[in-house]
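Take a look at the structure below.
The values are calculated or read from the model by the stated rules, or taken from the named source; none is laboratory data. This is a predicted model, so every value here is computed, not measured. Neighbour counts are summed over all protein chains in view; Cβ atoms, including those assigned to glycine, are modelled from backbone coordinates with ideal geometry.
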Amino acid sequence: MQIIRDTFLGVIESVVSLNGKHILEIGCGDGTRSAMIAERCRYLVALEPSQELVEKASRTNSRANITYLQASALSLPFKPTPRFDNSFDVVIFTLSLHHIRPEFMRQAIQEATSVVDGLAYVIFFEPGFDGAFFDAEVIFDACDGDERKAKLLAYQAILDCHDLDPIAELSAETTFQFDSVEDFINTMHPKRELDKLETFLSQHNYQLRATR
């Protein structure tokens, strides 16, 4: 699997330039998008609760201006003070808020607002509902499976947060290319309807789109 189209950074920078910024990424995964962000910003701290993924990100997506840390969004490893040198200009939740238990989503957002400096930005990059990629997750119980309820709860948590002034709600798009049925199985780990995989992928030319 490879990403052949991703409007993620372009959409973000239509609102705020990342140039020269100190950025905190919450939920960096294997660091794929962390490396993309680091190309645009001054310095990036990328957090991930999974130590295994932190180690993978450090191996495969290391950059001089990235620090990968194992940490929870519910307890950020920073201690803000009136002159907090490590405060951030931008916080980005990278496809991560919906993975937090609903009763703790607001806490995660409040943690993010506690480490930003002045007129800073908190960006929620969350999966949408439209696209064959999400259809595949539901039909084949692949990747993260059916996350429709979790996505709605995350969206509502964002709307309910009055600590932030909303600026814009934008849409991004990612397209994934699969080389074969085996590639899909090895990267997406489908758990059912495997006999329908080849037909489904062929219908989409082995390219699955996901809105954000």
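For L159, which of the numbered conditions (1) more than 23 Å from R33 (Cβ to Cβ); (2) touching a Lys or Arg at 6+ places or on another chain (Cβ under 7 Å); (3) surrounded by fewer than 19 Cβ atoms within 10 Å (Cβ to Cβ) fails to hold? With respect to (1) more than 23 Å from R33 (Cβ to Cβ); (2) touching a Lys or Arg at 6+ places or on another chain (Cβ under 7 Å); (3) surrounded by fewer than 19 Cβ atoms within 10 Å (Cβ to Cβ), L159 is out only on (2).
Any residue in segment 196-203 that is among the basic types (K, R) and surrounded by 14 or more Cβ atoms within 10 Å (Cβ to Cβ)? Step through it out loud before you land on a result.
Going residue by residue through segment 196-203, those that are among the basic types (K, R) are 196.
Filter once more, keeping what is surrounded by 14 or more Cβ atoms within 10 Å (Cβ to Cβ): none.
No, the conditions are met nowhere in segment 196-203.
The residues listed here are E193, E173, E182, E147; of these, the one that is over 18 Å from the mean Cα position of the chain (by Cα) and surrounded by 12 or more Cβ atoms within 10 Å (Cβ to Cβ) is E193.
Please specify each residue of segment 129-142 satisfying the condition of being part of a loop (DSSP other than H, G, I, E, B) and surrounded by fewer than 18 Cβ atoms within 10 Å (Cβ to Cβ).
Looking only at segment 129-142, we keep the residues that are part of a loop (DSSP other than H, G, I, E, B), and these are 129-131, 140-142.
Passing the criteria: F129, D130, D141.
Name the one entry in F104, F134, F184, F178 that is over 30 Å from N205 (Cα atoms), aromatic (F, W, Y) and touching a residue at least 24 places away in the same chain (Cβ under 8 Å). Walk me through it before giving the result.
On the way: F134 fails: over 30 Å from N205 (Cα atoms); F184 fails: over 30 Å from N205 (Cα atoms); F178 fails: over 30 Å from N205 (Cα atoms).
Answer to the check: F104.
If the condition is being surrounded by 19 or more Cβ atoms within 10 Å (Cβ to Cβ), modelled with pLDDT of 95 or more and either closer than 26 Å to G20 by Cβ or of a type outside the set (V, I, T) (or both), then segment 86-111 contributes V90, V91, I92, F93, T94, L95, S96, L97, H98, M105, A108, I109.
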